[in-house]
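The values are calculated or read from the model by the stated rules, or taken from the named source; none is laboratory data. Because the structure is a prediction, the values reported are computed rather than measured. For neighbour counting, all protein chains shown are included, and Cβ atoms are generated from backbone atoms with ideal geometry for every residue, glycine included. The area values use the complete protein model at the heavy-atom level, side chains included, leaving out ligands, DNA and RNA. Shrake-Rupley method; radii C 1.70, N 1.55, O 1.52, S 1.80 Å.
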Amino acid sequence: MGERLNAGDICKRDVAFVYRSTPVDDAARLMREHHVGSVVVVDETDQGRVVVGMLTDRDIVTGIVAKDVDPGGVRVGDAMSAELLTAREGDAITELLGAMRRKGVRRVPVVDAGGVLVGLVALDDVLEIVAQQLSLVVQAIATGRQREPATRP
């Protein structure tokens, strides 16, 4: 059989990101442009973009809009979730899903050994792969049912 899938295999490599100093309303516009519900917050370093947080549409709605705060006056660093789950490229998907469940998150930045952003895994990505695999199982069952009458009259 094939190798186990890992976070690096399924992550999206084109990730919407912002900096701590980015105004929240700019981050919201970026989410809209990219049709995503979150952006990864990074610090620029000599090694690359190091992940320091996440900002979700929920963070904006519950932490800013619901409190009648002007989003243009708030920086991402003040609204982001800094307690962060990240995955390494080699992390097994089954382990990653367990960590996502325990932390109650739907999106996880994927980083290299130096903590530099390389991608993002969302539950939607995992669900798509599981659906493809289930489809293959269904096809195998259907083929077996079709083949049996021909091989065992």
- residue 4 fails exactly one of (1) open to solvent by less than 60 Å² (accessible area, probe 1.4 Å); (2) not in a helix (DSSP H, G or I), namely (1)
- Query: Can you find even one residue in the stretch 9-32 that is among the hydroxyl-bearing types (Ser, Thr, Tyr), open to solvent by less than 70 Å² (accessible area, probe 1.4 Å), more than 13 Å from residue 120 (Cα to Cα) and part of a strand (DSSP E or B)?
  - Reply: no
- Message: For the stretch 124-142, give me the residue count where each residue is under 20 Å from residue 13 (Cα atoms) and free of Cβ contacts under 8 Å to residues at least 24 places away in the same chain.
- Response: 4
- State the number of residues belonging to the stretch 57-99 that are over 28 Å from residue 112 (Cβ atoms) and either in contact with a Ser or Thr (Cβ under 7 Å, 6 or more places away or on another chain) or buried (at least 16 other Cβ atoms within 10 Å of the Cβ) (or both). 5
- Could you please let me know if residue 36 is within 17 Å of the chain's Cα centre (by Cα), surrounded by 15 or more Cβ atoms within 10 Å (Cβ to Cβ) and in a strand (DSSP E or B)? no
- Message: Being closer than 25 Å to residue 118 by Cβ, of a type in the set (Val, Ile, Thr) and in contact (Cβ under 8 Å) with a residue 40 or more places away in the chain is true for just one of 52, 40. Which residue is that?
- Response: 40
